[in-house]
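Peer 1: Before anything else, here's the structure in question.
Derivation of every value follows stated rules applied to the coordinates shown; laboratory data play no part. Computed from a predicted structure; not experimentally measured. With ideal geometry, Cβ positions are generated from the backbone for all residues, glycine too; neighbour counts draw on all protein chains shown.
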Amino acid sequence: MRIDKWLWAARFYKTRSLATQAIEAGQVKLNSERCKPAKEVRIGDEILVRHGGLEWQVIVMGVSDKRGSASVAKKLYEETDISRVKREECLALRRMTSEPSQDIKGRPTKRDRRVLTRFKSGE
């Protein structure tokens, strides 16, 4: 089975074209090597998927060319313990920190511009 089709069936990506784009961008590795979207996936292969700032390292447990429910998709792979711990730590860190862009409200005011000018000129 093709890796792009498997990623779609395992619900890592919403569409096959998104999976194909991610593979071509190098965000997916099969057995620690870059691959092409048509590369065959077999049971026991190790896949590394980077998506949305998170990283999954999974072992292929089954193949399916049809996209099923989330419970069926979960049976297609098994995530490694190290990957699960790292991903949970990353998610916890995201929850604790705030998004820097939340403090920005539209265009800078005159006061904000003066502060930026002073900062840039080193005063």
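Peer 1: Mind sorting out which of [x] 17.0; [y] 16.3; [z] 14.7 is the real Kirkwood radius over Cα pairs in Å computed from the coordinates?
Peer 2: [x]
Peer 1: Nearest 10 degrees is fine. How inclined is helix 110-121 to the longest principal axis of the chain, computing both from alpha carbons?
Peer 2: The angle comes out near 80 degrees.
Peer 1: Could I ask something else about it? What is the sum of charges around GLY26, taking Lys and Arg as +1, Asp and Glu as -1, for the other residues whose C-beta is under 10 Å from the C-beta of GLY26? Don't skip to the answer; put the middle values down first.
Peer 2: Details: positive: LYS29, ARG34, ARG50; negative: GLU24.
With Lys, Arg at +1 and Asp, Glu at -1, the neighbours total +2.
Peer 1: Quickly estimate the mean residue ellipticity at 222 nm for the chain, helices only: each DSSP H run with n ≥ 4 gives -39500 (n - 2.57), and the total goes over all residues, rounded to 500.
Peer 2: Result for the chain, helices only: -11500 deg cm²/dmol.
Peer 1: Sticking with this structure for a sec: All other residues with a Cβ under 14 Å from the Cβ of LYS86 taken together, and with Lys, Arg as +1 and Asp, Glu as -1, what is their net charge?
Peer 2: Working: positive: ARG50, ARG84, ARG87, ARG94; negative: GLU55, GLU79, ASP81, GLU88, GLU89.
Net of charged neighbours comes to -1.
Peer 1: When the chain is treated as a GNM, springs tying every alpha-carbon pair under 10 Å, which of ASP112, ASP65, ASP45 comes out with the largest mean-square fluctuation?
Peer 2: For the chain, modelled as a Gaussian network with Cα springs under 10 Å, the answer is ASP112.
Peer 1: Output the 0 to 90 degree angle, nearest 10, between the alpha-carbon long axis of helix 81-96 and the longest principal axis computed from the alpha carbons of the chain.
Peer 2: Value to nearest ten degrees: 30.
Peer 1: With the crude spin-label approximation of a point 7 Å out along Cα→Cβ, what separation in nm comes out for THR117 versus ILE82?
Peer 2: Once both label points are built, they end up 5.4 nm from each other.
Peer 1: Please state the relative contact order of the chain as a whole percent: Cα pairs under 8 Å, 6+ residues apart? Intermediate results must be reported in sequence, preceding the final value.
Peer 2: On the way: 155 pairs, mean separation 24.5, N = 123.
It comes to 20 percent, rounded to a whole number.
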